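In what follows, a structure is listed as C-alpha cells, so that the remarks can point back to it.
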Amino acid sequence: MKFTCLCQGGGFNFPPCHILNVSGFQVLFDCPLDLSALTVFSPLPNDFYKAICEENSDSQNRQKVEKPLDANDLIFAEPWYKTVNNLHLWNVSFIDVVLISSPMGMLGLPFLTRMEGFSAKIYITEAAARIGQLMMEELICMNMEYRQFYGAEESSGPQWMKWEELELLPSALRKIALGEDGSELGGWMPLYSAAHVTDCISKVQTLRFGEEACYNGILIIKAFSSGLDMGACNWIISGAKGNIAYISGSNFASGHAMDFDYRAIQGSDLILYSDLSSLDSTEDIDQSSFSDDNNNWEELINSLSNYDESVEEMEKLAFICSCAIDSVKAGGSVLIPINRVGVFLQLLEQIAIFMECSSLKIPIYIISSVAEELLAYTNTIPEWLCKQRQEKLFSGDPLFAHVKLIKEKKIHVFPAVHSPKLLMNWQEPCIVFSPHWSLRLGPTIHLLRRWSGDHNSLLVLENEVDAELAVLPFKPISMKVLQCSFLSGKKLQKVQPLLKILQPKLVLISSTESHIFSDVTSFSVSHYSENETIHIPSLKESAELEIAADIASKFQWRMLKQKKMNITRLKGRLFVNHGKHQLLPENEPGGSSQTRPFLHWGSPDPENLLAELSKMGINGSVERCMTDAESEDGFTVKVQDPEKSMIEVRAAVTVISAADKNLASPIVKAMENILEGI
C-alpha cells in the first residue's frame, strides 16, 4: 500500500485531502475548496467603490511598495476558487474511488468530475450529499453577482493571474495566491456551473451509516458517523490487505449530529488519522495518564464519553447570544455569517430563547438562496441526528425549533437581500443569518456596508477566517467583531485514549502531530508529510481463500522433503465477490476430467541421481559441463548399461535422450523420486 497526503487542510471549512493505493486501487479522500483564499478579492463594488475599482484596473500606475494593507490592494475581479493544487498533479483517470467525509469535502468535486477521463466511483452519505449540493448551488448563485458585474472573462485568463500583476501584490496576499513556496497558482479555477453540479451529483452513490458498498468485488466500504456535522462520517475499507479506518474530523458529543461511532472502527489493522484540528491546540497532554502502563479500560472509555465538550459548545453559543442581545438592546444589528449547518440551527434556537427571556421582539432574518430548502430538509432527517433530537420525533415535536419559530413569524426566510418581500418586512435593529463567512460573497457584503459604521452593531465570525483581512474592504469599521472557535474535531487529550481503545496495528498520522505518541509502544506509528508518498507495510501475513467442498475432497497431499510440509495442487475458477476470494469447481465438458501431469522443481543432485538409477539397474557416469553459459552447475549423465542413453541437466531444463521407451520410463521415475513435486 501507498499513502500520499495531498493537503493537510485548514479546519472545518477546508478538510484534508489524501490518496491511498490499496489492493491496486487509488482511493481519494475528500475534494475540498480553500474558500478562505477568497479574501484576496475585493467584494462587489458599489457606487462608492467604483472609482477604486477603475483605478486598480490600470496596472501601469501600480508599483510594488510594501505598506500596511488597505482595500486598494485587493484584487478587483470575479473570484476564482482555490482547489487542492497537488491533486492536479495526478491523472484523474487513475483514480478508482472517491470517499467524501463531509459536505465541505464535496465542494471541489465538480472540478474533478468534469475532467476528461474521470470515471471513479464516488461514495458519500445521503445527508452530506444533499447539504453539499445546496452549498454548491448557493456558491454559484452568489458568484453570479460578480459575473454580471464584471462580464465575461478573457479567453487568455484573468488579468490578475499574469505574473507581472502577482508580483505587485503585497506579500500577505501573494502568499495566499501562490502558497508558501509559490507553486499553488495552478490550483485556482473559475467556479463550476449549475450543469457541472447536476452532472457531479448524478455520479454519486449515497450510503447510510453502516451500509456496505462493494467496489469491484474486492473492497468493502462503510461509512460511520463522525459526529462533526449532519452526514459527516469516517470510513472503513475492508479487503484482502486488512481493515483500514479513515478518521476525519470527529466529535464525541454533538448537540445536533449523531455522535462519533468510534466502536465501529475498533480493531482495524490500519488507522489513517486525518483529524488535524488539534494542530493549533494549546492543550497540555498528560502522557502518564495514557501510557502503555495504563490499562484501565473503564477510565479510558469514560475519558472519551464525558460531555465536557458539549457543555463548552453550548456555553459558546450562549455567549454569542448574550452579546447579540446586548447589541440589539443598544440599538445595533447583528450579522452572523456562520457556515456550519448544525451550529447555525442551534444558534437560531438559543437566540430565540434569549430574546423571549429578555422580552425583546426583534426580527430574525435568514437571507440565503437555499435557506428555505435547507431548513425544510434538516427537519426530515432524524436518522442523521443525535439521540436527543431523535426523541423529539417520538414526542411529536419538530427536530429543530426553527419550524415553530417560522410559523410564529419570529424568523423570516428570504432568498436574496433585494427580495421585495424582505424590503417590505425590513426592520432595524435585527439579527441576520446570511452567507458568506469569507465576507466576499452573498448578502453579507451589502449588510456589512450598511452597518460597518455603527458601533452598536455586531459581526460574528469563526476563527478559521483571518478577521483583519476579511473586514479590510469595510474599513474604517466601528461595529464590534466577535470571533468564535467551534470544535472541528477531537481534542488533543482524547487522541491517545481513543487509539488505545481502538487497538490498531499501525497508525498513520501527520508528522506535525508526532509529539502525541512519544511514549506509546502498543501499536506502531508512522508519520506523513504533505505531498510525500510513503509505503505502508503489509498488514496481513496471508490472505484467506474459501475452497469449495468438491475441490477440497479431491486433495492429494504430498510431503515436501526439505520444508517438512504437506502440499497439494488446486484446480478451479477463482471468484472474487464482496471482498472474499473463493475457488469454485470448473465446469468440465462431458463431466470428464483429465489426469494432470506431475510438476517438479529444483535441481537434481548428480550423486543422488546415480544412486537412484543404480537401484533400477541402470549404470552411468557424470560429466560436468563447465562451459555451459546458463549455469556452472549443469552436468550430463551418460548411461552405458543396459543401453546407451543420456540425461542433460541445465539450469532451466532437463533433457532425457533414449532410443528405447522402456529405458526412458525408469529414468523419468528416478528423476521424480529425487525431486520435489506435486
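No lab work stands behind these numbers, since they all come straight from the coordinates. None of these values were measured; they are calculated from a predicted model. In this analysis, Cβ positions are derived from the backbone assuming ideal geometry, glycine residues included, and neighbour counts consider all displayed protein chains.
Here are some notes:
- Under 5 Å between amide hydrogens, built in the peptide plane, is the criterion, and for Tyr365 it picks out His412, Ile431, Val432, Phe433 among residues at least 5 positions away or on other chains.
- Positive end of the dipole of the chain (Cβ unit charges, origin at the Cα centre): among Gln350, Leu134, Leu508, the Cα lying farthest that way belongs to Leu134.
- Filtered trypsin sites (Lys or Arg not before Pro), the stretch 179-255: DSSP coil and at most 14 other beta carbons within 10 Å: Arg208
- If only the Cβ of Lys and Arg carry +1 and only the Cβ of Asp and Glu carry -1, the dipole of the chain around its Cα centre is close to 1560 debye.
- Within the stretch 600-677: Cβ-based charge dipole about Cα centre, in debye rounded to nearest 20 (Lys, Arg +1; Asp, Glu -1): 280 debye
- Helix 308-329 axis versus longest C-alpha principal axis of the chain: approximately 20°, rounded to the nearest ten.
- Percent breakdown of C-alpha pair distances by 10 Å bin, ordered from the shortest bin, for the stretch 73-175: 12, 33, 34, 20, 1
- Computed E for Asp466/Ala543 - FRET, C-beta separation, R0 60 angstrom, nearest 0.05: 0.75
- At most 10 other Cβ within 10 Å, DSSP loop - chymotrypsin sites (Phe, Trp or Tyr not before Pro), the stretch 406-471: none
- Here r is the Cβ-Cβ distance between Lys404 and Ser359 and R0 is 22 Å; the resulting FRET efficiency, rounded to 0.05, is 0.75.
- Near Arg208, once Lys and Arg are set to +1 and Asp and Glu to -1 for all other residues with Cβ below 11 Å from its Cβ, the sum equals -3.
- Relative contact order for the chain, counting Cα pairs under 8 Å that sit 6 or more residues apart, in percent: 14 percent
- Crossing angle, helix 126-150 versus the chain [Cα axis fit, 0-90 degrees, rounded to tens]: 50 degrees
- Among Tyr365, Ser248, Ser119 the positive-end extreme of the charge dipole of the chain (Cβ point charges): Ser119
- Cα shape, the stretch 309-484, gyration tensor, a/c 1.5 rule: prolate
- Counting neighbouring beta carbons within 10 Å and listing from fewest to most, the residues Met230, Met115 come out as Met115, Met230.
- Gain in span if fully extended, Ser603 to Arg208, counting 0.36 nm per residue against the direct Cα distance: 136.4 nm
- Per-selection Rg to Rh, the chain - Cα, Kirkwood hydrodynamic radius: 1.15
- Each peptide in 544-554, 157-167, 634-644, 364-374 gets a packing score, the mean of other Cβ atoms within 10 Å over its residues, and the list from highest to lowest is 364-374, 634-644, 157-167, 544-554.
- This model, with +1 at the C-beta of Lys and Arg and -1 at the C-beta of Asp and Glu, gives the stretch 309-484 a dipole about its Cα centre of some 620 debye.
- For the pair Met424 and Asp269, the difference between a 0.36 nm per residue extended length and the Cα-Cα distance amounts to 49.7 nm.
- What the phi angles of the stretch 491-497 give under the Karplus curve with 6.51, -1.76 and 1.60, with θ = phi - 60°, is a coupling list of 6, 4, 6, 9, 5, 4, x Hz, glycine and proline written as x.
- Nonlocal amide H pairs with Met230, under 5 Å, H built at 1.01 Å: Gly342
- Fewest-first ranking of Ser522, Ser36, using other Cβ atoms within 10 Å as the exposure measure: Ser522, Ser36
- Backbone HN-Hα couplings from phi across the stretch 612-624 [Karplus 6.51/-1.76/1.60, Hz, Gly and Pro as x]: 5, 5, 5, 4, 9, x, 10, 10, x, 9, 9, 10, 6
- Sorted by Cβ density within 10 Å, fewest first, the residues Val204, Val481: Val481, Val204
- Coupling constants for the stretch 236-244 follow from the phi torsions by the Karplus curve (6.51 cos²θ - 1.76 cosθ + 1.60, θ = phi - 60°), and in residue order they are 10, 10, 10, x, 5, 8, x, 9, 10 Hz; glycine and proline get x.
- Under-5 Å amide H pairs with His18, H placed in peptide plane, nonlocal only: Leu6, Phe29
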